[in-house]
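The next block holds one structure in the form of structure tokens; read it before the comments.
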Amino acid sequence: RCPFPQAIVWDEYLTGPFGLIAQYSLLKEHEVEKMFTLKPGRLPPADVKNIIFFVRPKLELMDIITDNGTQDRGQGSSGRGGHRGRSPQRDFHILFVPRRSLLCEQWLKEQGVLGSFIHREQYSLDLIPFDGDLLSMESESAFKECYLESDQTSLYHAAKGLMTLQALYGTIPQIFGKGDCARHVANMMIRMKREFPGSQNSIFPVFDTLLLLDRNVDLLTPLATQLTYEGLIDEIYGIQNTYVKLPPEKFAPKKQGEGGKDLPTEPKKLQLNSAEELYAEIRDKNFNAVGSVLSKKAKIISAAFEERHHAKTVGEIKQFVSQLPHMQAARSSLANHTSIAELIKDITTSEDFFDNLTVEQEFMSGIDTDKVNNYIEDCIAQKHPLIKILRLVCLQSVCNSGLKQKVLDHYKREILQTYGYEHILTLNNLEKAGLLKPQTGGRNNYPTIRKTLRLWMDDVNEQNPNDISYVYSGYAPLSVRLAQLLARPGWRSIEEVLKMLPGPHFEERQQLPTGLQKKRQHGENRVTLVFFLGGVTYAEIAALRFLSQMEDGGTEYVIATTKLINGTTWIKSLMEKLEPAPF
């Protein structure tokens, strides 16, 4: 649309997801001269004809755009005609991601800047590929919108994303789902198919089954500490759009006799995905199994470098040199992951980590879930981070189908007195979401659910696992157990437990045109797309990958979600930020 040199002004949150689909080098080829982050004040100088704003449809961002537009035009003039700032011929355009918003456009109109935008369009970015088997919408507030605000916008985007996926990879013949949001998404997909008869395509289906799962069907899993390598990196350092920032000191090259001077101060930024051979091998292992893999790799790599002493002929030397780049990449990858593993080990061997994990595992295995916990009380008294407290209290509540009123009131009082009364809104949100609530009817269903679905395994094998419970060293994620049981022997076997979990469970079939029905070859795996509505953790992803790789599993899993989450980012998304009153 814009033939002349252009600058893009990015909503900062979108730079990460867009970086996964379009590098700056690609944008440069398409005449993008400059890129700026959206912030209040005047736009930085740029000798370009077009300025394109890429933003989410949020009112607080419209305020910043208004500020940019007003400052750029020079004070006092409005509309397109009067760019009295630095360069009169600059044209403005706005792209809303993933959908246009009438509310935002109305707001810009009221501020007198809507006319400045020649093009007002939308860029439908629904599902972003994070890895070969992982897609995410990266909608950070999807859970809060669905469960606290009854706003189903993100569910509409999920349904749209699934329709796009079907247009590319064929109609998915079977849809299973559990939860209210899952039901809504399935209904929207059926309606979209009816309203756009052309969407019925003649592509041979890649997926056999779609499983839609509400996050609130399994509130327990994200609250527990993930114990896979990737899960722990995310718990401790936070993985953002496949990148992690780490403390630099472990990555400084050690030079002889220099001691510790001139240590780098910038965080070490690394990309983590399956393109890196070693990471693909260790990412989904329990952390306790990672050390032995790293030391084995170290021996193999040093043996490979030793080979150079045995290369005698020109041919042998040539062969060694041709392998050198791969070997050097492997050595650098090993050095990075050894450093990361050391950083994580410093934390996982600490007393505090051990105490916290012990309490989590007691709750998940059903021990002392109905009374005030001493460790939680001590942590509050020592003013440990609030999110840590909230994760533990919510975990206890979920493992007890809600807390006795007396216990709940005690925790609330302690939290508010220690951390401040403004957190009453956060506690309210957690209750609304079903995470921290009073037990109703005096009945605890968790023991029945735990036993029927085998959620707690005492004899877990962390080194060579034979069950998905290795990802939490004993606890099998409820969500993944549901996926596993759906594949074999089917949900009819757990009908009673499904009724105890929130929301309806259902099955829909989508007609395929004649000739597109799959004739399965002997030994050919079924492919299931599991869509988590409200977020998924790396530990759940690891458990599904484990099921995909099982010899006799018979099912391969591809994972989609509204957002990649961990307990901390999830609870954070439900916390209310109170602005201090302007005195």
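The values are calculated or read from the model by the stated rules, or taken from the named source; none is laboratory data. Remember, predicted model here, so these are calculated numbers, not experimental data. Ideal geometry is used to build each Cβ from the backbone, glycine not excepted, and the neighbour counts take in all protein chains shown. Protein only, heavy atoms only, side chains kept; ligands, DNA and RNA dropped before computing areas. Shrake-Rupley method; radii C 1.70, N 1.55, O 1.52, S 1.80 Å.
Below is a table of values for the structure above.
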| read-out | value |
| --- | --- |
| Lone unmet requirement of (1) charged (D, E, K, R); (2) farther than 23 Å from ALA483 by Cβ; (3) crowded, with 18+ Cβ neighbours inside 10 Å for GLU195 | (3) |
| Subset of segment 122-136 that is at pLDDT 90 or above and part of a strand (DSSP E or B) - its residue that is most open to solvent (accessible area, probe 1.4 Å) | PRO129 |
| Candidates PHE53, PHE18 - the one that is open to solvent by less than 20 Å² (accessible area, probe 1.4 Å), of a type in the set (Phe, Trp, Tyr) and within 23 Å of GLY112 (Cα to Cα) | PHE53 |
| Among (1) open to solvent by 20 Å² or more (accessible area, probe 1.4 Å); (2) modelled with pLDDT of 85 or more, the one test that GLY76 misses | (2) |
| Exclusive hit being part of a helix (DSSP H, G or I), among the acidic types (Asp, Glu) and out of contact with any helix residue (DSSP H, G or I) (no Cβ under 7 Å at 6 or more places or on another chain), set ASP346, ASP355 | ASP346 |
| Matching residues in segment 198-208 - criterion: being touching a Leu at 6+ places or on another chain (Cβ under 8 Å) and open to solvent by 10 Å² or more (accessible area, probe 1.4 Å) | SER202, ILE203, PHE204, PHE207 |
| So MET188, is it modelled with pLDDT of 95 or more, within 18 Å of THR164 (Cβ to Cβ) and surrounded by fewer than 23 Cβ atoms within 10 Å (Cβ to Cβ) | yes |
| Tally of residues being crowded, with 24+ Cβ neighbours inside 10 Å and assigned to a loop (DSSP other than H, G, I, E, B) across segment 536-557 | 1 |
| Only listed residue being in a helix (DSSP H, G or I) and either closer than 26 Å to ASP459 by Cα or aromatic (Phe, Trp, Tyr) (or both), chosen from GLN396, GLN328, GLN323 | GLN396 |
| Members of segment 358-371 found to be part of a loop (DSSP other than H, G, I, E, B) and open to solvent by 20 Å² or more (accessible area, probe 1.4 Å), listed by number | SER365, GLY366, ILE367, ASP368, ASP370, LYS371 |
| Count - residues of segment 337-351 that are over 26 Å from the mean Cα position of the chain (by Cα) and open to solvent by less than 70 Å² (accessible area, probe 1.4 Å) | 1 |
| Out of LEU343, LEU324, sole residue that is modelled with pLDDT of 95 or more and outside the structural domain of VAL393 (by the TED database) | LEU343 |
| Pairs where the first residue, in segment 450-467, is on the phi > 0 side of the Ramachandran plot and the second is part of a loop (DSSP other than H, G, I, E, B), C-beta under 9 Å, 6+ apart | ARG454/ASP467; ARG454/ALA476 |
| Residue in segment 84-94 that is in a strand (DSSP E or B) and modelled with pLDDT under 90 present | yes |
| Number of the exception - ASP284 against (1) modelled with pLDDT of 90 or more; (2) not in a loop (DSSP other than H, G, I, E, B) | (2) |
| Subset tally (residues that are of a type outside the set (S, T, N, Q), part of a helix (DSSP H, G or I) and either open to solvent by less than 60 Å² (accessible area, probe 1.4 Å) or not assigned by the TED database to the domain that holds CYS399 (or both)) for segment 415-465 | 11 |
| Evaluation of LYS193 against (1) part of a helix (DSSP H, G or I); (2) over 30 Å from ASN288 (Cβ atoms); (3) touching a Leu at 6+ places or on another chain (Cβ under 9 Å) (one fails), failing number | (3) |
| Residues of segment 151-185 satisfying the condition of being part of a helix (DSSP H, G or I), more than 25 Å from PRO57 (Cα to Cα) and open to solvent by less than 60 Å² (accessible area, probe 1.4 Å) | GLN166, ALA167, ARG183 |
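Conditions (1) open to solvent by 30 Å² or more (accessible area, probe 1.4 Å); (2) closer than 23 Å to TYR475 by Cβ; (3) touching a Lys or Arg at 6+ places or on another chain (Cβ under 8 Å), marked per residue:
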site: ARG215; (1), (2), (3): no, yes, no
site: GLN226; (1), (2), (3): no, yes, no
site: ILE236; (1), (2), (3): yes, yes, no
site: THR242; (1), (2), (3): no, no, no
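Results for (1) farther than 24 Å from SER548 by Cα; (2) at pLDDT below 95; (3) outside the structural domain of GLY179 (by the TED database); (4) in contact with a Pro (Cβ under 8 Å, 6 or more places away or on another chain), shown as yes or no for each residue.
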site: LEU485; (1), (2), (3), (4): no, no, no, no
site: ARG488; (1), (2), (3), (4): no, yes, no, no
site: TRP491; (1), (2), (3), (4): no, no, no, no
site: GLU496; (1), (2), (3), (4): yes, no, no, no
site: MET500; (1), (2), (3), (4): yes, no, no, no
site: GLY503; (1), (2), (3), (4): yes, no, no, no
site: LEU512; (1), (2), (3), (4): yes, yes, no, yes
site: GLY515; (1), (2), (3), (4): yes, yes, no, no
site: ASN525; (1), (2), (3), (4): no, yes, no, no
